[in-house]
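First up is the structure itself, then whatever we jot down about it.
The values are calculated or read from the model by the stated rules, or taken from the named source; none is laboratory data. Only a predicted model underlies this, so the values are computations on that prediction, with no experimental measurement involved. Counting neighbours? That spans all protein chains shown, and the Cβs are built from the backbone with ideal geometry, glycine included.
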Amino acid sequence: MAIKLAGIKRKEIYSPNHVTNDLAIILETAERLKELGYDVNLYDEEFIEKNDIEEDFIFSMAQGVNGILRLKEIAKNKKAIINTPESALNCHRISMINLIVKAEVPFPKSYIFKTDTKYFDSFLTFSQPKIWLKRGDVHAEHREDVLLVYSHDELTTTLKEFTKRGIKEAVLQEHLDGDTIKFYAVSDPQFFYWFYLNGKNHTKFDLEKLKEYSFKSAAALGLDIFGGDAIISPNGDVNIIDINDWPSFAPVREEAAKNIAHCINKKVQNYV
């Protein structure tokens, strides 16, 4: 009898501008798992918030707090979940920053604060005309959740909007000049793909350093399937600026799905 796997699709609100691509990667992964002999059922993130599932093995793209916490409850009676609920929660911005910094991975200077504070001036210690403002919980639900701000007034206005929307914590983060690189990765079997997201300099850098920092960050967060962004400075330094759980892998979906399926297969077989 084939082993049954449950795949949890991401709620659309957590796939801004990537709804189609996020759905495509989990569908492709499910097909590759079926080729490996598994019986695979897919569920919406909303479904698991209120319902149990019978499968013992789960692969999940859930990112909402309600879905993740419910998955933690479900996990008490299951054998394996990839990525784990704990690692998904670790990817929420403030937790991510704290864990990556603790792992001593190069990361932009960041300040975490309450959005309704009146004393955030003390955080503006950067000698630059612009600074990143980012919501402190999930990565983004709207384009306005991650903004490059250029003035005190712009910062104040945006924080008021955050407060109105119930966003209680935010991050001010230094802006790093350089080329932006996006990467996608799987832990085992190790898979890594990167490309320039923007930037015209295409400064030479140490690719092994990028891989080292990427996998070190993922290990600190507990991720098996992950992606992220890095900045290559004009002198070739590598800084991680973001890590996220199970991205779309859009430019390399077919190859990524095969590696993700093999990663899931290894985890399952370790239990079997």
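Conditions (1) crowded, with 20+ Cβ neighbours inside 10 Å; (2) among the aliphatic types (A, V, I, L, M); (3) touching a helix residue (DSSP H, G or I) at 6+ places or on another chain (Cβ under 9 Å); (4) at pLDDT below 95, marked per residue:
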{"site": "MET1", "(1), (2), (3), (4)": "no, yes, no, yes"}
{"site": "ASN17", "(1), (2), (3), (4)": "no, no, yes, yes"}
{"site": "GLU31", "(1), (2), (3), (4)": "no, no, yes, no"}
{"site": "LEU42", "(1), (2), (3), (4)": "no, yes, yes, no"}
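Go through the range 213-225 and count every residue that is at negative phi and either assigned to a loop (DSSP other than H, G, I, E, B) or hydroxyl-bearing (Ser, Thr, Tyr) (or both).
Within the range 213-225, residues that are at negative phi and either assigned to a loop (DSSP other than H, G, I, E, B) or hydroxyl-bearing (Ser, Thr, Tyr) (or both) number 5.
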Please tell me if VAL171 is free of Cβ contacts under 8 Å to residues at least 24 places away in the same chain and crowded, with 17+ Cβ neighbours inside 10 Å.
no
Of all the strands (runs of 3 or more DSSP E) wholly in the range 1-83, which have at least 1 residues that are out of contact with any Cys (no Cβ under 8 Å at 6 or more places or on another chain) and of a type in the set (Gly, Ala, Ser)?
4-9, 57-60, 80-82
Across (1) over 30 Å from ILE131 (Cα atoms); (2) over 15 Å from the mean Cα position of the chain (by Cα), VAL101 clears everything bar (1)
Consider the range 232-272. How many of its residues are over 15 Å from PHE59 (Cα atoms) and hydroxyl-bearing (Ser, Thr, Tyr)?
1
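Okay, residues lined up against (1) on the phi < 0 side of the Ramachandran plot; (2) surrounded by fewer than 19 Cβ atoms within 10 Å (Cβ to Cβ); (3) touching a residue at least 12 places away in the same chain (Cβ under 8 Å); (4) outside the structural domain of ALA261 (by TED's automatic domain parsing):
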position: PHE47; (1), (2), (3), (4): yes, yes, no, no
position: PHE57; (1), (2), (3), (4): yes, no, yes, no
position: ALA62; (1), (2), (3), (4): yes, no, yes, no
position: LYS72; (1), (2), (3), (4): yes, yes, yes, no
position: LYS78; (1), (2), (3), (4): yes, yes, yes, no
position: ASN90; (1), (2), (3), (4): yes, no, yes, yes
position: MET96; (1), (2), (3), (4): yes, no, yes, yes
position: GLU104; (1), (2), (3), (4): no, yes, no, yes
Could you say whether any residue in the range 220-235 is over 30 Å from ASN265 (Cβ atoms) and loosely packed, with under 15 Cβ neighbours inside 10 Å?
yes
